[in-house]
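S.K.: Supplied in structure tokens, the structure appears directly below.
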Amino acid sequence: MHGPVNEVMQFIDLNAYSIVFLFLVGFIGGLVSGFIGSGGAFVLTPGMMSLGVPGTVAVASNMCHKFPKALVGAIKRYRYGQVDIKLGLIMGVFAEIGVQVGIMIQKHILDRWGEAGSNLYVSVIFVLVLVTVGSFVLRDALKMKRSGTEAETTTSLAKRLQQIELWPMVTFKTANLRISVWFLVPVAIATGMLAATIAVGGFIGVPGLMYIVGATSIVASATELVIAFVMGLGGTLIWAYYGMVDIRLVLLILAGSLFGVQLGAIGTTYVKEYMIKYVMATIMLIVAVSRFFALPKYLSQLRIISLQENWIGLMTKASFAIMCLALVVGASIILFSLFKARRLERLSTVGV
Amino acid sequence: MTTQTTTTSSSTRTETPALTASRVEAPRDRPFILALTRNGHMSEPVMEYALRVAHRLGYGILAVHVDTMPLAKLEKRSHLFAAAVAESVALLREHADRLGLAVEHLQTAGRIGDLVARLCRARKRIDFVIIDKGIRLEEVTRQSPVPVFPVVNRQQSLFVRTFINKHTHKGVSAMATITSKRHVKHCLLFGSLTAGLYASVFAYQDLVMTWFSKGGVYALLPVATVFAVSYFHGNFTSAFWSALGIEASRAGAGRQTSTRPAVPEPAVAPRRDTRPRVQLNA
């Protein structure tokens, strides 16, 4: 088993540029993850590949950095009383099943339509999921902001689902809800499948927890960290079993992302509840635009459309740049609102 | 060992002294609840529970602040401890005054088990002890002749509130300087541990890469390494932001869930009342 693996392995030499790049992307990705529960990972895989890291090693190392980051974030937010561990663990186990299903679908598509087909599938899923869910979350966030309500209301769907008494019912103390496991499973599996496809399960996990299960955005985003930890640990063990993890890359990303995740978690205690939804929706929609620019490349590879080579190159670059932009915008909103809220709080204490 | 005792009996000032007046014939006979803490500030749930039970039973409260670290008696620390205790006691007295309860206060140092045994022997009318968080239950029960109840505080946020209700923030902000120093210390400790870990991985990167990418059982090597990193570096980054003064909002930390009413537990049939009853046939 070790033989064929060793042939694939090409670990890159690190230089100052790649070290700084990984640290910074790690920091920003961590900041976003600490705040909205996941995210940031989607930039790292293409980012590492642009440094010359082979695709599988990039995916494996990304996965390996994700679970310690989620662990640290989850512990931090648990101290703030935001994490429902039971909910996270149950969801995490089923999400792991979703990951396996997602990988099977990926494999099937890879066999049937080749690499370009698989890439196209990933990008289409990206655009579809992010646009649908992202615009829904954004609409909700804007509605909350406009109405100026502090407390979140449970959606009517979640309320109805919580009323259905279907064995086995589980009570979640921190999330303050009681629901049948049967309604958690689809959300968890979808989270896992999305994680296996686009590396960020949270884009379904967090909205699913908010709108279908009925948790508040703070609890949902904090609990997503537990789900990400369980999924990440499982995934890492598999990748590491095949010897694909480049520990140096992981350590460099972690160096930055743990700084970020702490700050992101601190940020959640300051901002209004709709801010989490707002940041999440913003990132999702910008990323959707970025993946939209990546579509023509795969379409022309499959000879569905024909485009000039230089156009495709330009669009691919634009796609990556917009993806980075999504993270930077998200991170700046978080930092800006964190420091603004801190200043206000300090002023009010001094005033008293 | 320094011991200072102050007593205020404010039961005379109350207009509707519910049970207090009828049960207590003389202040000397007044039964007491011993509320024990080793923190500068008695946590709110303990204070609240003591006040509520004392009011209902017509008891007095004996609040005891124990400094369990008299050996580490740094000038500054004991000064700050005293300031925090003063604030805590002022708050307790304020509430007790409103309810018309008698409050005695004792600030002392020493071992908690010995102290409880000594107090219960010296004052016959301590009926039970309630202990604040930070005190181990066994430590007290081993030597206590009366029942001991720990007050469990599930929500971290409530603890914070005692700090905010203060007239002055002197003790609090001064205590904060100590924690900030601790953050710096943690920051240095975990920072150097993290640096050591990183340095060793990168100094021997060829060796590390050969072993870590072997696959199979060696998969545990990278996983164990990242767990170590999440512990060392996680603590370092946490202490780093805290040392810079960037910490969670005091108002927001507890605001985890909405104000929805708590989910009712699944219905359980009420327990049968098996107490003996008197029957009267006229």
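The values are calculated or read from the model by the stated rules, or taken from the named source; none is laboratory data. Bear in mind the structure is a predicted one, so any value in this text is a computation, not a measurement. Glycine gets a Cβ as well: all are built from the backbone with ideal geometry, and neighbour counts include every protein chain shown. Quick note on the areas: whole protein, heavy atoms, side chains included, nothing else; ligands and nucleic acids left out. Shrake-Rupley method; radii C 1.70, N 1.55, O 1.52, S 1.80 Å.
S.K.: Please note which strands (runs of 3 or more DSSP E) are completely contained in the stretch B:52-134 and include at least 2 residues that are of a type in the set (Asp, Glu), at positive phi and touching a strand residue (DSSP E or B) at 6+ places or on another chain (Cβ under 7 Å).
M.R.: Result: empty, no element qualifies.
S.K.: Evaluate the following for residue A:61: is it polar (S, T, N, Q) and part of a loop (DSSP other than H, G, I, E, B)?
M.R.: So residue A:61 does not fit the description; no.
S.K.: Can you pull out every residue in the stretch A:54-74 that is at pLDDT below 90 and open to solvent by 10 Å² or more (accessible area, probe 1.4 Å)?
M.R.: A:54, A:55, A:56, A:59, A:63
S.K.: Being at pLDDT below 90 and not hydroxyl-bearing (Ser, Thr, Tyr) narrows it down to one residue among A:224, A:150; which is it?
M.R.: Residue meeting the stated conditions: A:150.
S.K.: While we're here: Could you tell me how many of the residues in the stretch A:308-340 are over 25 Å from the mean Cα position of the chain (by Cα) and within 19 Å of residue A:279 (Cα to Cα)?
M.R.: Number satisfying all stated conditions: 1.
S.K.: Which one of these is part of a loop (DSSP other than H, G, I, E, B) and in contact (Cβ under 8 Å) with a residue 60 or more places away in the chain: A:124, A:83, A:99, A:131?
M.R.: Result: A:83 is the single residue among A:124, A:83, A:99, A:131 that is part of a loop (DSSP other than H, G, I, E, B) and in contact (Cβ under 8 Å) with a residue 60 or more places away in the chain.
S.K.: Also, I was wondering about something else. Let me spell it out: the conditions are (1) open to solvent by 10 Å² or more (accessible area, probe 1.4 Å); (2) at pLDDT 90 or above; (3) under 30 Å from residue A:269 (Cα atoms), and residue A:80 meets all of them except one. Which number is the exception?
M.R.: (2)
S.K.: Got a number for residues in the stretch A:163-181 being in contact with a helix residue (DSSP H, G or I) (Cβ under 9 Å, 6 or more places away or on another chain) and in a helix (DSSP H, G or I)?
M.R.: 1
S.K.: Sticking with this one: Determine which member of the set B:101, B:62, B:80, B:119 is touching a His at 6+ places or on another chain (Cβ under 7 Å) and not polar (S, T, N, Q).
M.R.: None of the others qualify; the one that does is B:101.
S.K.: Hey, another quick one. Within the stretch A:211-241, take every residue that is over 28 Å from residue A:59 (Cα atoms) and of a type in the set (S, T, N, Q) and give me the one that is surrounded by the fewest Cβ atoms within 10 Å (Cβ to Cβ).
M.R.: Selected residue: A:216.
S.K.: Kindly provide the set of residues from the stretch A:167-181 that are open to solvent by 10 Å² or more (accessible area, probe 1.4 Å) and within 18 Å of residue A:156 (Cα to Cα), ordered by number.
M.R.: A:176, A:178
S.K.: Let me ask something additional. May I ask you to list pairs of residues, at least six apart or on different chains, whose Cβ atoms are under 9 Å apart, with the first in the stretch B:210-230 being within 7 Å of chain A (Cβ to nearest Cβ) and the second being surrounded by fewer than 14 Cβ atoms within 10 Å (Cβ to Cβ)?
M.R.: Close Cβ pairs (under 9 Å, with a partner that is surrounded by fewer than 14 Cβ atoms within 10 Å (Cβ to Cβ)) amount to B:213/A:6; B:214/A:2; B:214/A:6; B:215/A:1; B:215/A:2; B:215/A:6; B:216/A:1; B:216/A:2.
S.K.: Counting only residues that are more than 7 Å from chain A (Cβ to nearest Cβ) and in contact (Cβ under 8 Å) with a residue 12 or more places away in the chain, how many does the stretch B:190-209 have?
M.R.: Qualifying residue count for the region: 5.
S.K.: Here is a follow-up. Taking residue A:132 and the conditions (1) open to solvent by less than 70 Å² (accessible area, probe 1.4 Å); (2) under 24 Å from the mean Cα position of the chain (by Cα), which numbered condition does it fall short on, given that it satisfies the others?
M.R.: So the condition that residue A:132 fails would be (1).
S.K.: Moving on to the next point. Could you check how many residues of the stretch B:201-219 are loosely packed, with under 14 Cβ neighbours inside 10 Å and either within 27 Å of residue A:76 (Cα to Cα) or in contact with a His (Cβ under 8 Å, 6 or more places away or on another chain) (or both)?
M.R.: Residues flagged as loosely packed, with under 14 Cβ neighbours inside 10 Å and either within 27 Å of residue A:76 (Cα to Cα) or in contact with a His (Cβ under 8 Å, 6 or more places away or on another chain) (or both) within the stretch B:201-219 amount to 1.
S.K.: Looking at A:236, A:269, A:282, A:216 in this structure, which one is touching a Gly at 6+ places or on another chain (Cβ under 9 Å), within 14 Å of chain B (Cβ to nearest Cβ) and either among the polar types (S, T, N, Q) or more than 26 Å from residue A:23 (Cα to Cα) (or both)?
M.R.: Unique residue meeting the criteria: A:269.
S.K.: Return the residues of the stretch A:189-219 that are more than 30 Å from residue A:120 (Cα to Cα) and assigned to a helix (DSSP H, G or I); say none if nothing qualifies.
M.R.: Selection gives A:213, A:217, A:218, A:219.
S.K.: Of everything in the stretch A:241-261 that's over 13 Å from residue B:201 (Cβ atoms) and of a type in the set (A, V, I, L, M), which residue is nearest to the other protein chains (Cβ to nearest Cβ)?
M.R.: Across the stretch A:241-261, the extreme among qualifying residues is A:258.
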